[in-house]
1. Tell me whether the stretch 587-606 contains one or more residues that are at pLDDT 90 or above, among the basic types (K, R), in contact with a strand residue (DSSP E or B) (Cβ under 7 Å, 6 or more places away or on another chain) and open to solvent by 90 Å² or more (accessible area, probe 1.4 Å).
2. Go through the stretch 432-453 and count every residue that is open to solvent by 10 Å² or more (accessible area, probe 1.4 Å), farther than 30 Å from V340 by Cα and of a type in the set (V, I, T).
3. Give me the pairs, please: first residue somewhere in the stretch 230-249 and of a type in the set (D, E), second residue anywhere and modelled with pLDDT under 90 and open to solvent by 10 Å² or more (accessible area, probe 1.4 Å), beta-carbon distance under 9 Å, and either six or more positions apart or on two chains.
4. Conditions: (1) modelled with pLDDT under 85; (2) surrounded by fewer than 20 Cβ atoms within 10 Å (Cβ to Cβ). N35 meets all but one. Number of the miss?
5. Do we find that D61 is without any contact (Cβ under 8 Å) to a residue 60 or more places away in the chain, of a type in the set (D, E, K, R), open to solvent by 10 Å² or more (accessible area, probe 1.4 Å) and not in a loop (DSSP other than H, G, I, E, B) in this structure?
6. Among the residues of the stretch 188-204, is any at negative phi, open to solvent by 20 Å² or more (accessible area, probe 1.4 Å), acidic (D, E) and not in a helix (DSSP H, G or I)?
7. State which residue is farthest from C341 (Cα to Cα) when the search covers only the stretch 367-385 and only residues that are part of a strand (DSSP E or B), of a type outside the set (K, R) and open to solvent by less than 50 Å² (accessible area, probe 1.4 Å).
8. From (1) modelled with pLDDT under 90; (2) outside any strand (DSSP E or B); (3) loosely packed, with under 15 Cβ neighbours inside 10 Å, pick out the condition that doesn't hold for P413.
Amino acid sequence: MKITYKVLFLSLFYLFFTSFSLIAQERAVAIVYDNSGSMKGEQCDAVNYALQTMVGVLSPDDELYVVTMEDKRLHTINLRNKQAEINNKIRPLQCRRDNPFEAVNIAIAQLDKSRKKQKYLLLLADGEWEDLDPKRPKRRAVENKKTLEDFSKQLTTEIIFLNLDKLNDDIRNTLKTVLSDINRQEPLQTNGKPKEIIRHMGDMAATVMSMSPEGLGVEQKGNRIVVNSKVPLKRLIVVGQGAVDLSELSNVTSVVSANKELYVEGPFTANKKSQNFSLSGKILHIKSGKNSKKAIPKGDINIKLNQPINIQQYKFLPETAAKLSIDFDGFFKTAAKDVVCDSTKFITLNAQILDLEGKSLDTEVLKESTVTFKNEDSRKRERFQLIADKQQFSYRLPVNKDRISFSVTAKHPNYFNYKSIVYTVKRDTCPLPKGIIEASKTDLTAKVTELDQAGGLTLTPKIKVGNAPPRLPTASELADLDIELEDNGAGLGLNIERKDGQITVTPTSACFCTLFTKTGQQQLKAKLVSKQNKIDVSGNPPLTININIEDAPFLQRYGFCLLLLFLILFILWYLLGIIKKKRFASGSEIIITKVSSRIKHKPRSHPLPTSFVKRWLIPYITETQMIGSVTFKAGSRDSHVFLAAETQSDNMYISGLPIDEPNKKDIRISNGESLEIVRRNNKEMYTYRNLE
């Protein structure tokens, strides 16, 4: 019965950075392809199809080698000419005859020649290798096992075994036994079923390429697909697959992100058809530009196709533009942080997932991610804790053995599956570490008025243990250290900035001017101190930094100080005037009552307070208010006001008494008292009233 597959093959991508920029992939992959006679049939076709897809997915910057066991032939795959390599080198491979171990030696030798940092040896076989059978000494089983063991012990190498054995017979599966002895590694089991082969090839590729095999969910709108990414991407890989002709799989016509059209590379095609097997696929890569090193920004990616698609036949796999960064914190004997002092009980592992600019991914993405510690000896796994405010993961590792080997993985269900190298930390006896200070320079020269332009100097505390060269302190060591600065009364101001374990000191003038700054050669002394006495700083005299301060002309040196002093005095004078200013009480008023020989008019109220500007912004000048022809002045208290001398006359009376000597001085009118102005036919009465 012919086998068909409607489920998408979990296709492949990988991201590994050595710096915060998009650079060539640092990965070399060698595949040992067991095309012996036991592999004939559907399982051989499935492996062949999966290999075609892998070629289509890998980056042109990768190195890929395929070694066939049957003829011990090395096939170097040119990933910059993918379709031709698929057609001419991968698809024609067939399964027949024997499976000598020499193919593994060829693959490992080729990886050893590669300058790529990450190296993967993928073994696609049923594991029935006589060359690893210890019962057959002529097959050099011991030497062959050591070859695999030596390769697996390298820091940046990994062996992955896809077990194609139909019977899953552990007794006959010598490769499975050997790899279990070397690193307790269990193979990916397929039971020889084509569907399982393809599925586990995807899992294997996900491990190799630091990706999540799940891919991204999408929104389909007719012949348009919208992919929303929470992280910046180096590329988006689109894989379409089905038991159909290649012509029936849709083609991408355009892709837009952030109003910019993206570059589409491909499609690359894979297909394998035989009597009992049929599968076809298309793979294309979406990038910011053909030769661009920029990332696709996070957000919506709009993909337009030539026709609507069956979404079940497609997968959208993001290659995250990020890296896993690991740092250790503790008291270490060596700068490489691979030997810890025997007094140390714990070291702290800090993990960050950083984008190309060295910035952490969004907190939302971090909360959805899992970072795991793995003890490579006991296989014990424990999760890191997310410290959201620092956007990093942290794990406290007990140092309870003389040697600890471990690795760190960071996974997100949709975006990445990173794995660190295997770290080894040893414990050793340490003398008390010594602290020293190194300065970027010990002499500065500038005019007294230009100290800000003298430039800064960087003070770097370093740790020296035994005969080892000085190294930068860890975070724990740095927390125990401090640098005290003294300018010996030179009148210098010091701007101090602490960053990444270094202290940058920039001299400035004290008190905002150069009045108190001494000229000539001044000395700044830096002394290293240990807060908890965990680091020996006793043998270090203070570091002396000479600052040559040149004098300047009088006005240039003191002009700003004098201007500043005048400004301060003016402000004090102004504020004092505002405080001492006499102003009317809020709510105070003058009630005017007019009486004629025939009629008494209704009293009218006139508020005394004037505008905000006159009351609160003009200092010293007493607040006044003219009502009719009479001018009133504010008193020193709210209980009274004054009748201005210049508006007094002989026909004015206060509380029934005439004014003595009008126009000589201001006359006080208390709360409730009235000023009467008597004319021939009428009388006006002005009564002061404070309502508060």
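1. Yes; the residues of the stretch 587-606 include at least one that is at pLDDT 90 or above, among the basic types (K, R), in contact with a strand residue (DSSP E or B) (Cβ under 7 Å, 6 or more places away or on another chain) and open to solvent by 90 Å² or more (accessible area, probe 1.4 Å).
2. Total meeting the criteria: 3.
3. Note: pairs meeting the criteria are D245/N271.
4. (2)
5. In short, no.
6. Looking through the stretch 188-204, none of the residues is at negative phi, open to solvent by 20 Å² or more (accessible area, probe 1.4 Å), acidic (D, E) and not in a helix (DSSP H, G or I).
7. T370
8. Answer for P413: the failing condition is (1).
The values are calculated or read from the model by the stated rules, or taken from the named source; none is laboratory data. Computed from a predicted model, the values in this text were never measured in an experiment. Note that each Cβ is placed from the backbone with ideal geometry, even for glycine, and that neighbours are counted across all protein chains shown. All accessible areas refer to the heavy atoms of the entire protein, side chains included, with ligands and DNA or RNA removed. Shrake-Rupley method; radii C 1.70, N 1.55, O 1.52, S 1.80 Å.
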